[in-house]
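Rule-based calculations on the coordinates, nothing more; no lab input. If you're wondering where the values come from, they're calculated on a predicted model, not measured in any experiment. Heads up, the Cβs are rebuilt from the backbone with ideal geometry, glycines too, and the neighbour counts pull from every protein chain shown.
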């Protein structure tokens with residue numbers, strides 16, 4: 001299901017590559033849906049891989 005509106009604030013959703021860091025170590029950039037208003041990030045686990 002494609003999200004068009006943020007569930008948190010109602011802002012517009014944009015697809016972006018987001019850098020992920022854990023304890024200051026970069027794990028790389030991953031595709032995410034990001035709210036243009038509140039910056040809520042939602043990652044697709046199918047595209048990012050599972051740990």
### Query
Mean residue ellipticity at 222 nm from the helices of the chain, using -39,500 (n - 2.57) per DSSP H segment of n ≥ 4 over the full residue count, to the nearest 500 deg cm²/dmol?
-1000 deg cm²/dmol
#### Entry: Under 13 Å from the residue 39 label point (7 Å along Cα→beta-carbon), backbone N, the range 1-29
19
